[in-house]
Amino acid sequence: MSQMLSRRVLIGSAAAAALPAPTQRWIYWGTYTAGGPRYGTGESQGIYVSRFEPSSGNVGAPELAAKTANPSYLAVHPNRKYLYSVNEHIEMDGKTPGELTAFSIDPATGKLTELNRGPSGGGMPCHIAVDRAGKVLATANWATGSAALFKLRRDGRIGEAAGHYQHTAADPAVQVHCHAVVFSPDDKFLIETDTGLNSIFVHRRDGRPDAPPLKLVNKANPRHLVFHPNGKWAYVANEAGPGCTALRYDAKSGVFAEIGVTRTVPSGFTGRVTPAEAVMHPSGRYVLISNRGHESIAVLDVHPVSGVTRLIEAFQPGGAGARSFNVDPSGKWVFALMQRTNQIFPLRFDVSTGKLSREGEPIALPAPVCAKFV
């Protein structure tokens, strides 16, 4: 093993060891309550919660935490007292506005109490994020191609609108689809992906001129974006993949630049693949991407100097509809959500090799599409 690689392993191990290790966490599961071939069975009632023991990997059966319509993406407040959900009302033309809902978390039971709800500022909100200060909530409205900002009150409730960004296409035949919203590590920029425009938009939050958008090469269609812990790199799941684009990020200007694209499935696979979720491993050594079609979770090694990636494996846990997954804060466990087969697969993650393996039996839940840890 080279000196550089040895140092990298030690740094990654130290970072993982420094993470808090509570005896119990809650995992919140977002689902689709709507029925239909694109969404689910219609059996789900909203947001579910499971007890989770990070030391053993034991996960309790999901219990209903709150009834709410199509909570397809969730976000947790930095103080861990509140949880926010999109309500993705299924109207492809965007004429029916979506909603956002705020909940308080009962730390003893994991159950959620609705605080308030309001319009999302567009149609079919599909992604939601809270800034690191816990003062602003952002959402991506897929059907209408817009991003919206809302102030958060001290009691966790969603307050008044604080900004709205409408994506537009020069060609009327091109559909705009804002798919994700991400705050920069310093909270100075709001970043949005648009799969229809094949672009990443960057908006300054201080009112100064925005950074120029980045149009990805090869019609990648950026879906979800995640930052590396160093704040200098970011990684995008390309819906038109199979691929993950690595980006260099200038924190001062908010400008992104492509530094490489990595295939997220084996070279011999020729079927249709639409990558969806992107998650950074807590160690910073790996980025993980979900592959719908190949029904796998890809693990990519991140070079410690250049930030470019290399495919280690595309692990197929079982089931179909690999829309989403998440890595627990310890970095030891991954939960793969299979929307089409109504299953959640607990996986063990080997931090030293980047390899995944099945751990126990799959968990039954209708149309699971999001997992968040508290």
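Other residues within the sphere of radius under 11 Å centred on the Cβ of Tyr73, judged by their own Cβ, net out at 0 (K and R +1, D and E -1). Our summary gives the chain a relative contact order of 12 percent, counting only alpha carbon pairs under 8 angstrom and 6 or more residues apart. Rounded to the nearest 20, the size of the Cβ-charge dipole of segment 45-201 about its Cα centre is 580 debye, with Lys and Arg at +1 and Asp and Glu at -1. With θ taken as phi - 60° and the Karplus curve 6.51 cos²θ - 1.76 cosθ + 1.60 applied, the whole-hertz 3J(HN,Hα) list for segment 253-262 is 9, x, 8, 9, 9, 6, 10, x, 10, 10 Hz, x standing for glycine and proline. For the chain, the mean projected area of the C-alpha convex hull, equal to one quarter of the hull surface, is 17.7 nm².
Near the amide H of Ile259, within less than 5 Å, lie the amide hydrogens of Ala246, Leu247, Arg248, all on another chain or at least 5 residues away, with H placed in the peptide plane. Structure remark: mean-square fluctuation, Gaussian network model of the chain, C-alpha springs under 10 Å; the largest value among Thr264, Thr68, Thr353 belongs to Thr353. A straight Cα-to-Cα reach below 12 Å connects Lys332 with the aspartates and glutamates Glu53, Asp350, Glu359, residues fewer than 8 places away in its own chain not being considered.
The phi-based Karplus calculation (6.51 cos²θ - 1.76 cosθ + 1.60; θ = phi - 60°) puts the 3J(HN,Hα) values of segment 118-133 at x, x, 8, x, x, x, 6, x, 10, 8, 8, 8, 10, 5, 5, 7 Hz, whole numbers, x for Gly and Pro. Annotation: amide H of His179 within the under-5 Å range of Thr193, Asp194, Thr195, sequence separation 5 or more or interchain, hydrogens built in the peptide plane. Measuring from label point to label point, each 7 Å out along Cα→Cβ, what is the Asp171 to Thr41 span in nm? The modelled label-to-label distance comes out at 4.1 nm.
Remark: segment 179-266 carries a charge dipole of roughly 160 debye about the Cα centre, counting +1 on each Lys and Arg Cβ and -1 on each Asp and Glu Cβ.
Averaged over all directions, how much area does the convex hull of the C-alpha atoms of segment 44-194 cover when projected, in nm²? One quarter of the hull surface, i.e. the mean projection, equals 10.2 nm².
Mind giving me the FRET efficiency for Glu63 and Glu361? R0 is 22 Å, r the Cβ-Cβ distance, nearest 0.05 is fine.
Details: r = 18 Å, r/R0 = 0.81.
So, using R0 = 22 Å, E works out to roughly 0.80.
3J(HN,Hα) along segment 290-302, derived from phi through the Karplus expression 6.51 cos²θ - 1.76 cosθ + 1.60 where θ = phi - 60°, amounts to 8, 10, 6, x, 7, 6, 9, 10, 8, 10, 10, 7, 9 Hz, with x in place of Gly and Pro.
No value in this document is a laboratory result; all are computed from the given coordinates. In this text, all values refer to a predicted model and were calculated from it rather than measured experimentally. Ideal geometry is used to build each Cβ from the backbone, glycine not excepted, and the neighbour counts take in all protein chains shown.
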